[in-house]
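The values are calculated or read from the model by the stated rules, or taken from the named source; none is laboratory data. This is a predicted model, so every value here is computed, not measured. Ideal geometry is used to build each Cβ from the backbone, glycine not excepted, and the neighbour counts take in all protein chains shown.
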Amino acid sequence: MTTPPPLPQAPDEAVAALTAPDGPYLIGVRHHAPSLAAAVPRLLDAARPDVLLVELPAETQDFLGWLADEETVAPVALAAVPEPEPGADAAADRRGPAFYPFADFSPELAALRWARDAGVPVLACDLPLADRAWREPRQHGPAASGPDLRHALRDRLTGREGDDLWDRLVEAPAPGATPEELRRAALLTGWALRRDAADGPGIDPLDLARESWMRGRLREASRDGRRAAAVIGSFHAAALTGAALSADSLTEDPPSTQPQAPGHPPAGGPGSTVSLIPYTYPLLDARSGYPAGIRDPEWQHRVLDAAGDPDALREAVLRAAVAVSADLRAQGHPSGPADAREVARVAGDLAALRGLRAPGRGELVEALQTVLAQGEPLGRGRAVARAMERVLVGERTGRPTPAAPRGGLGPAVEREAAELGLPGPAEPGKERDLRLDPLRTPRDRRREILFRRLTVCGVPYADEQGVTGAGGADALTTRWTVTWTPATAAVLTTASVRGVTPAQAAQGVLRARARAARDEGGPTPAQALAALVAAAECALPELAEEALEELSRALPAAGSPAELLTGLALVDRLAAGHVAGFTPDGDRPARLAAASEVLSAAAVRAVEGITGSEDPEDARALVELARRADALGSLRLTDALAALAADGTPLMAAAAAAVRVLLGHAPAPELGARVASWVDAASGSAARAALTARLTGLCTAAGALLETAPDALDPLLDRVTELTDRAFLDRLPALRGGFDTLSPAARERLLETVETRIGTAVGDLTVDPATQAVWTRADLAAAQAVAALDLGVPLTPVPQPIAAPHPTGPVPPAGGAGGSITPAERWRLALGRHADELPSRTAPLATALDELYGAGRGEGSRGGLRARGGGREAPYPGVREWAEELTALFGPGVREEVLAAAAAAGRTDAVEALDPDAARPSVELLRTVLQHAGGLPESRVAALRPLVRRLVDELTRALATRLRPALTGAATARPTRRPGGGLDLARTLRANLATARRGDDGRIVVVPEHPVFHGRARRSADWRLIIVTDVSGSMEASTIWAALTASVLAGVPALSTHFLAFSTEVIDLTEHVSDPLSLLLETRVGGGTHIAAGLRHARRLVTAPSRTLVVVISDFEEGYPVGGLLGEVRELVGAGCHVLGCASLDDAGRPRYSPGTAGQLVAAGMPVAALSPLELARWVGERIR
């Protein structure tokens, strides 16, 4: 029956009914209760029952013996997977696996172990999982209108919202209490909770059905005068009293389930698959997302060990505080034994104020947060939270007895693999290649999802092979290599701690990742993207919806433009249904559309962050963003593109200008005129480098625009044609470098367009006039020889032969105003096409440039197009010969530029060929040389030192010349009594106050008997400057500028300059700061970005916060959760340090950074700006004057 039995109304009546001797001996518990677990054996010893009932589903009956086995090490869990009824839709059964974890402090496990030792039979008395009641939706009535007992008790005890009533009423008062007192407190707490439910929303029908079943089991167990004891949830105890058993009558006889003594019967259960699997304390923690958990299981274990002794519990509090302090100190935060003692004192005081004999978990947590976190929720507060988790949650892992049947994830995967025709343990080592079409074939979809889930769990079973979609589109099919190996079975066993089905295990892994990211202050944009991809591919819809919401928050806040566009592409795939595990139905399309709009708006805002970028990928991202934002009609993008075209680096400015034409924001002739001006301005080395970058940006963003928009191409055609030969040759390497961004096929198409525009087919102008004259003379001579043979064939009258000019003599003009190199030849050279048809006098130019640029990349680079390198007869023997040829063809200045470009492309031999005396000092060249110096042996590095030394010295000298005026007056003048400097009026007045007299007119006169003067400045370390420099892969140029600037600032007498380089690790290079060459050679650029670690190290160097300057030079694309970074900034600002964030540090002050992260840093108190070294020096000078 499901009618609730009468409930006692008064506490005294409830206690009397629950402990009545004529009823079953009830021990009301919570699933994890250390104080009760310690008391249960003594309670059962006193009760001496004949049979023991435990609140577990009937299907687990056969596993109770293995659970209580001496070789079973807790924590472990019973996992029961209900099977659907015959004919039922398995997909519609949403119950999923049921988890029953057990730890040493679980009262049920303590009772089972007692029964094992006492030889008492045990019965699993809860409702079978196969019962229909488990499938019915949970029903709750309206909440109580007035305050209930739970809230009244909570308000009287601590008043904290969400406080655990069981902890306050049972666990906290347990020290010093007798087992019977503890039992009665637990039963009374359960009665109070049940009365609240009965008076409010009503008792859930599922609970009533379970209690009806349990009463039947109790009635059976009590037959023949046997004494029954029941370890059940305290909420259910009031429904299982003797009075309830007498009043209840079963409407039908339940299946007979006789009590059994603990043993090892065959595994299995009616309508379910049960497994005994290992478990861990991190999963047992209630915050893990797994069911039936408890907060801080390692602390609960300490409470169990204390066994209700107040002194032992106080000792446990002190030991936990010491462990948390030690962990906090290991994270780099100051903490020690004194802090631990203070934590123990505060916890004890709180316990005394609340009338407790010893502090409990609540008092310990409050004391730790109060003493160690120091009121800072981020930064130190987050570090304290991490330390508390490691100490109070713990890392214990259990294992089932070896005698238990094999269970867990392995059997489930084996069954599913067999159903899907995949390799299993019967085919070890057999490899199969599968091509899946999961969007069309249900079987392939199930296979795809299984592979994805196992991959997330780290099971080595299926390896995905790359598949490229046609035309660059998303691939809708996948390829996998599938093999069952011994490692597969081994990892499946360990992965069982996360779940007993692939879906549950994958969900457990992903939730653990999400929790770890949140604990670290995240997730980062990369983590948010990975979480959504994994949840969608693993067919976990609820988790995917949560990940989508997280993505919509994380990416706009801290994502780079590339990450934002990746997120948009992922949302598009999900909306189009191109992910097999995700179906865009219900309200999901609306959610995806909202997320796409949020990400698009954030990507437009992030455009300002790529102003200083020199990466072609950012130019491609700009095009994709423009396409999306234009569809939404974004006005903000119009302004952002205009600003980028005006203020960006040459590459990004050109890309923005091209995108503005594509969107119709600017006319094509305007772009054409701008491109022509780039060629005009490329008269010097720096301008030619800018020309290459601008053409790279233009071709990356809109290479096809030159083919299809004559107004954009014609000015460039005219300019290239009108250049003199010398001017063209000076610009040729720059032109070739810019157009090399296009694929060979794209350059071929552009050359065909050029042919059409200049009105001459390229093939008609492949021979110079001198060669044509030689060929004509030979042709006429052959005609005369044929005529002399008198073959009877009429021939055209042969004109007199003409004299051909000497082939090696000066070449006459052939191209009009442009000189002897024709327009067609110029474009073949610039585009790197048809070099085999160039005349002998220009073919060496193509050969020399081919040595650098090779066959090109992308479409047409392999076959299908005419070879364009045939003009070179043989490769150069070495870089020396190539360098000599470059000098002969282009001159020494252009030679150095080409060699520098080759070095930047990865030619280490080109670096060594650079002439230290002739190379033009530039940060770009220095960056290239340093890149290669790091990978060379010391003997070859030594050969580069003269070049690096000259570059560093000249750049530092030029920088110092500009920075010194900004630092004038930064030296600290020392007061002196010796005349020589200016009078220090303030100090003079203070030193002569004793001579102050009031005159007749009432004025106060001070006689300066002891004047004080300004003396000469002496070197002192009044101020400390800490430069924290990001040396990750995206910060190469800023790293060089930072090192040069630091070496200049190190010479300021009033500054003690420190230089910290960080990527994912932090290196203190302060000892090299006075020698920029050593500093740069010690700095290794590359790796990820962990700004918080750099600031944490800087914080250790702070001794006088008000006289400390901390400058962070980074793009702020933090590779770790931003919460830690914000916490470090707040700590520095709160201490009184002067902090500044440099979004870039270069001569132009163009930023390349993450606007979202920078905005959060500004809100935390760190100004962020893109500065030149001069502007940074001015900021430093203003602070220390």
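Being in contact with a Lys or Arg (Cβ under 7 Å, 6 or more places away or on another chain) and closer than 20 Å to Ala307 by Cβ is the filter here; which residues of region 40-67 pass it?
Leu43, the sole residue that qualifies.
Does region 195-205 contain at least one residue that is buried (at least 21 other Cβ atoms within 10 Å of the Cβ) and among the basic types (Lys, Arg)?
No.
Would you mind telling me which numbered condition in (1) of a type outside the set (S, T, N, Q); (2) surrounded by fewer than 19 Cβ atoms within 10 Å (Cβ to Cβ); (3) modelled with pLDDT under 90; (4) in a helix (DSSP H, G or I) Ala475 fails?
Condition (4) is where Ala475 drops out.
Among the residues of region 1157-1178, which ones are under 18 Å from Leu1025 (Cα atoms) and in contact (Cβ under 8 Å) with a residue 60 or more places away in the chain?
Once the filter is applied, which keeps residues that are under 18 Å from Leu1025 (Cα atoms) and in contact (Cβ under 8 Å) with a residue 60 or more places away in the chain, region 1157-1178 yields Pro1173, Leu1174, Leu1176, Ala1177, Arg1178.
Within the set of pairs 6 or more residues apart or between chains, which connect a residue that is of a type in the set (Lys, Arg) inside region 992-1011 to a residue that is part of a loop (DSSP other than H, G, I, E, B) and loosely packed, with under 11 Cβ neighbours inside 10 Å with Cβ atoms less than 8 Å apart?
Every condition considered, the pairs that remain are Arg997/Val1007.
Here are the criteria: (1) crowded, with 21+ Cβ neighbours inside 10 Å; (2) out of contact with any Lys or Arg (no Cβ under 6 Å at 6 or more places or on another chain); (3) at pLDDT 85 or above; (4) not assigned by TED's automatic domain parsing to the domain that holds Trp66. Tell me which single one Trp299 does not satisfy.
(2)
Tally time: how many residues in region 166-198 are part of a loop (DSSP other than H, G, I, E, B) and of a type outside the set (A, V, I, L, M, F, W, C)?
Matching residues across region 166-198 total 4.
How many residues does region 679-715 hold that are more than 20 Å from Met652 (Cα to Cα) and either within 40 Å of the chain's Cα centre (by Cα) or assigned to a helix (DSSP H, G or I) (or both)? Walk me through it before giving the result.
Just the residues of region 679-715 that are more than 20 Å from Met652 (Cα to Cα), to begin with: 683-684, 707-711, 714-715.
Okay, now just the ones that are also either within 40 Å of the chain's Cα centre (by Cα) or assigned to a helix (DSSP H, G or I) (or both), so 707-708, 710-711, 714-715.
Within region 679-715, residues that are more than 20 Å from Met652 (Cα to Cα) and either within 40 Å of the chain's Cα centre (by Cα) or assigned to a helix (DSSP H, G or I) (or both) number 6.
Output the qualifying pairs, or none if there are none: Cβ atoms under 6 angstrom, residues six or more apart or on different chains, first residue in region 570-581 and touching a residue at least 24 places away in the same chain (Cβ under 8 Å), second residue β-branched (Val, Ile, Thr).
Close Cβ pairs satisfying both conditions: Arg573/Val579; Gly581/Ile449.
Mind listing whichever residues of region 483-499 are of a type in the set (Val, Ile, Thr), at pLDDT 85 or above and buried (at least 20 other Cβ atoms within 10 Å of the Cβ)?
Just the residues of region 483-499 that are of a type in the set (Val, Ile, Thr), to begin with: 483, 485, 488, 491, 493-494, 497.
Subsequent filtering for residues that are at pLDDT 85 or above retains 483, 485, 488, 491.
Matches in region 483-499: Thr488 only.
Taking only pairs six or more apart or across chains, which ones have beta-carbon atoms under 9 Å, a first residue in region 57-79 that is among the acidic types (Asp, Glu), and a second residue that is assigned to a helix (DSSP H, G or I)?
What qualifies is Asp69/Arg116; Glu70/Arg113; Glu70/Arg116.
Looking at (1) part of a loop (DSSP other than H, G, I, E, B); (2) over 25 Å from Pro75 (Cβ atoms), which one does Val482 not meet, given that it meets all the others?
Only one criterion is unmet by Val482, namely (1).
Here are some residues: Glu389, Glu416, Glu342, Glu366. Which one is touching a residue at least 40 places away in the same chain (Cβ under 8 Å) and assigned by TED's automatic domain parsing to the domain that holds Val317?
Going through Glu389, Glu416, Glu342, Glu366 in turn, the sole match is Glu389.
Against the definition (outside any strand (DSSP E or B) and buried (at least 22 other Cβ atoms within 10 Å of the Cβ)), how does Ala535 come out, yes or no?
yes
If you go through region 420-437, how many residues are over 21 Å from Ala475 (Cβ atoms) and part of a loop (DSSP other than H, G, I, E, B)?
Within region 420-437, residues that are over 21 Å from Ala475 (Cβ atoms) and part of a loop (DSSP other than H, G, I, E, B) number 11.
Give the residue that is nearest to Thr1157 (Cα to Cα), with candidates limited to residues of region 572-613 that are of a type in the set (Asp, Glu) and over 23 Å from the mean Cα position of the chain (by Cα). Talk me through it step by step, then tell me what you get.
Applying the first criterion (of a type in the set (Asp, Glu)) to region 572-613 yields 572, 585, 587, 597, 608.
Applying the additional criterion that residues be over 23 Å from the mean Cα position of the chain (by Cα) yields 585, 587.
On the way: Asp585: 34, Asp587: 31 Å.
Looking at residues that are of a type in the set (Asp, Glu) and over 23 Å from the mean Cα position of the chain (by Cα), I get Asp587.
Out of the residues in region 516-532 that are part of a helix (DSSP H, G or I), among the small types (Gly, Ala, Ser) and in contact (Cβ under 8 Å) with a residue 40 or more places away in the chain, state the one that is nearest to Leu543 (Cα to Cα).
Taking the candidates together, the pick is Ala517.
I'd like to check something: does region 582-596 contain any residue that is crowded, with 18+ Cβ neighbours inside 10 Å, in contact (Cβ under 8 Å) with a residue 60 or more places away in the chain and not small (Gly, Ala, Ser)?
No.
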